[in-house]
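The block underneath contains the structure these notes are about, expressed in structure tokens.
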Amino acid sequence: MSPNTLTIPIYVSDGGQIVPNLLFHRSWDKLHSRCIEYPFAASQVGSAESLLDVGTAKSDVIWMQWLDQLPLKTTVTDYDPTDYPYKRAVFQQADVRHLPFEDASFEVILAVSVIEHIGLSDSQVLSSDKPPEDTLGDVEAVRELMRVLKPDGRLVMTFPYGLIDGLILGGSARGYTAHSLKRFESVARPLALDYYEYQRMGVHELYEEVKSNPSVFSHFKQQVLNRVFRSKKRVKQSPSLVPSTSIIGAVTWRKIPIEQAKATHKSHVDGVICGVWGKLK
């Protein structure tokens with residue numbers, strides 16, 4: 001292997017939850033949701049022989065590289081064109097609501113942070129030729145994805161979820177709640193719905209995790225934390241924080257019960273559904 005090459009897993013699972021992968025961090029955010037969304041989607045591919053990735057043109061380049069090296073029949077699609085030089089994967093430009101594929105074409109379909117934009121006036125499309133607006137664009141997109149999904153296939157979707165049922169991020173995305181999530185049940189069957197939330201860790205919680213995992217931090221870092229703790233500089237505790245002995249940091253993404261969702265998406269997406277759907281029986 002070249003000394004200029006680093007090989008790491010795209011996803012790591014710890015105790016039933018996906019560990020955030022900082023390869024997908026975006027510098028304008030404190031810990032971007034793609035750090036959990038891409039690894040979750042990758043973890044669902046399994047032994048599939050055919051895969052469709054939706055909304056790929058605006059994806060992280062590492063995600064596109066990963067898709068392009070998969071040892072299976074991989075198709076990627078987006079309303080916008082792409083200049084990424086795919087070698088194995090095949091790119092098809094299309095509106096996700098009208099895909100140029102036969103029925104039951106794919107075993108796995110991945111839609112990472114895509115569905116929440118479909119049909120909005122500001123749908124984050126870069127092309128000057130904007131797609132038609134439709135208040136039910138997200139449902140129509142899922143309906144079309146179900147059409148091209150094989151009978152026992154899996155549709156993997158990630159999107160914002162929390163306390164806000166309506167437009168977020170300046171009107172460029174939908175926020176979903178338990179109520180609006182049900183709109184997909186008319187066209188797809190939920191198989192698994194994991195909820196991950198961005199959480200800030202207070203000094204007390206961080207100190208306790210350091211004590212339980214002294215090997216993770218150097219002696220210097222422990223001394224710094226001890227001084228901060230003794231100085232009584234308190235940070236508001238996160239009541240919904242789920243303790244973990246292997247995911248340590250001042251901020252992180254954790255899987256918590258969906259009923260405890262508190263995300264409001266005020267400055268960024270701070271709660272996401274990472275889910276799997278199948279065809280209606």
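This table checks each residue for (1) at pLDDT 95 or above; (2) assigned to a loop (DSSP other than H, G, I, E, B).
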| residue | (1), (2) |
| --- | --- |
| Arg97 | yes, yes |
| Ala104 | yes, yes |
| Gln124 | no, yes |
| Ala141 | yes, no |
Original post:
Which residue pairs have Cβ atoms under 8 Å apart, sit 6 or more places apart or on different chains, and have a first residue in region 13-32 that is within 17 Å of His268 (Cα to Cα) and outside any strand (DSSP E or B) and a second that is modelled with pLDDT of 85 or more and among the aromatic types (Phe, Trp, Tyr)?
Top reply: Pro20/Trp253; Phe24/Tyr38; Phe24/Trp63; Lys30/Tyr198; Leu31/Tyr198; Leu31/Trp253; His32/Phe24
Subject >> Answer residue from region 70-89, given it is of a type in the set (Ser, Thr, Tyr) and assigned to a loop (DSSP other than H, G, I, E, B) and is nearest to Gln44 (Cα to Cα) among those >> reply: Tyr86
Original post:
Mind checking which residues of region 59-77 are surrounded by fewer than 16 Cβ atoms within 10 Å (Cβ to Cβ) and within 14 Å of Tyr38 (Cβ to Cβ)?
Top reply: Val61, Ile62, Gln65, Leu70
Original post:
Looking at (1) outside any loop (DSSP other than H, G, I, E, B); (2) within 30 Å of Asp103 (Cβ to Cβ); (3) touching a residue at least 60 places away in the same chain (Cβ under 8 Å), which is the only condition Ala48 fails?
Top reply: (1)
**OP:** Check whether at least one residue in region 191-212 is at pLDDT 95 or above, in a loop (DSSP other than H, G, I, E, B) and crowded, with 18+ Cβ neighbours inside 10 Å, and report yes or no.
**Re:** no
Subject >> Positions within region 146-190 being assigned to a strand (DSSP E or B) and at pLDDT below 95, in sequence order >> reply: Gly166
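The values are calculated or read from the model by the stated rules, or taken from the named source; none is laboratory data. Quick caveat: nothing in here was measured; it's all calculated off a predicted structure. Here Cβ is always computed from backbone atoms with ideal geometry, including for glycine, and neighbour counts include all displayed protein chains.
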